[in-house]
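Structure first, commentary second.
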Amino acid sequence: MTFDDRWFVAEKADQQAERALHDLRERHDGFLRFERTERVSRGRFRTLADRSRDCGAPFGAHTIVYRDSEELLLVRHEGVGLWVLPGGCVEHQESYRAAARRELREEAGVDVTYDGLAMLTRLTVTDGEYDMTGVLPVFAARAESHEPEVADPDSEISEARWFEELPPDTRDREDLLAWRAEAF
């Protein structure tokens, strides 16, 4: 018989996520707020709970990159089969913005100037037995260089492109459209 400590990891994840929510709200203003629930498998729950316990952000930090033409940069994530914002895991002792910048460099290779926090989602992740909380910070950045170049060491990202109209298979499409309506 093995000991199932998901409840304990979920509790620690909740504590870290609440600290992260508080810190992000204190440091930033003018961002859109969302709440979302994700149902995942038991194994995926443990992975996400571990990440949230470590940094509060089970899906990492991301960047909305835009041009004056109102085009948004998306990357094709082969693991999920969707167009997504560049972003990913937060490494040990890395800030959310530093993680977003590093992931953007790897996944799209564009130079940007960061504006601040664009969106903050409070996530509830459940496996049907346990729940835990996490945050998903998304920063806004204006593109300085315009031609993306993928250099993803994980080989998850197959393409990076600018979009005037977001494709139907864009993850969190409605959230991005809401942000664009506010920003432009």
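Here, each number is a calculation from the coordinates, and none is a lab measurement. The shown structure was predicted, so the numbers you read here are calculated from the model rather than taken from an experiment. Glycine also receives a Cβ, built like all others from the backbone with ideal geometry; neighbour counts cover every protein chain displayed.
Picking from S95, S41, S69, which residue would you name as being without any contact (Cβ under 8 Å) to a residue 40 or more places away in the chain, out of contact with any Pro (no Cβ under 7 Å at 6 or more places or on another chain) and hydroxyl-bearing (S, T, Y)? Please lay out each step first, then the result.
Values: S41 fails: without any contact (Cβ under 8 Å) to a residue 40 or more places away in the chain; S69 fails: without any contact (Cβ under 8 Å) to a residue 40 or more places away in the chain.
Being without any contact (Cβ under 8 Å) to a residue 40 or more places away in the chain, out of contact with any Pro (no Cβ under 7 Å at 6 or more places or on another chain) and hydroxyl-bearing (S, T, Y) holds for just one of S95, S41, S69, which is S95.
Based on what the data block shows, is F184 touching a residue at least 40 places away in the same chain (Cβ under 8 Å), exposed (fewer than 12 other Cβ atoms within 10 Å of the Cβ), among the aromatic types (F, W, Y) and out of contact with any Cys (no Cβ under 7 Å at 6 or more places or on another chain)? I'd like the intermediate steps shown before the answer.
Details: touching a residue at least 40 places away in the same chain (Cβ under 8 Å): yes; exposed (fewer than 12 other Cβ atoms within 10 Å of the Cβ): yes; among the aromatic types (F, W, Y): yes; out of contact with any Cys (no Cβ under 7 Å at 6 or more places or on another chain): yes.
Taking the combined requirement at face value, the residue satisfies it.
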Inset, instruction - Return a yes/no flag: does segment 118-129 have any residue that is in contact (Cβ under 8 Å) with a residue 60 or more places away in the chain, of a type in the set (V, I, T), closer than 23 Å to E35 by Cα and touching a Phe, Trp or Tyr at 6+ places or on another chain (Cβ under 6 Å). - result: yes
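Working only within segment 56-80, note down all residues that are of a type outside the set (D, E), surrounded by fewer than 16 Cβ atoms within 10 Å (Cβ to Cβ) and under 16 Å from D152 (Cα atoms). Quick ask: steps written out before the conclusion?
Start the filter on segment 56-80 by keeping residues that are of a type outside the set (D, E), which leaves 56-67, 69, 72-77, 79-80.
Next cut, surrounded by fewer than 16 Cβ atoms within 10 Å (Cβ to Cβ) only: 67, 69, 79-80.
Those that are of a type outside the set (D, E), surrounded by fewer than 16 Cβ atoms within 10 Å (Cβ to Cβ) and under 16 Å from D152 (Cα atoms): G79, V80.
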Legend entry - Residue satisfying all of: in segment 1-24; among the basic types (K, R) and surrounded by 14 or more Cβ atoms within 10 Å (Cβ to Cβ); farthest from Y114 (Cα to Cα) among these: R6
Legend entry - Conditions (1) surrounded by 14 or more Cβ atoms within 10 Å (Cβ to Cβ); (2) assigned to a helix (DSSP H, G or I); number of the one not met by F34: (2)
Legend entry - Among (1) buried (at least 22 other Cβ atoms within 10 Å of the Cβ); (2) within 15 Å of the chain's Cα centre (by Cα); (3) β-branched (V, I, T), the one test that V110 misses: (2)
Inset, instruction - State yes or no: is G43 of a type outside the set (A, V, I, L, M) and on the phi > 0 side of the Ramachandran plot? - result: no
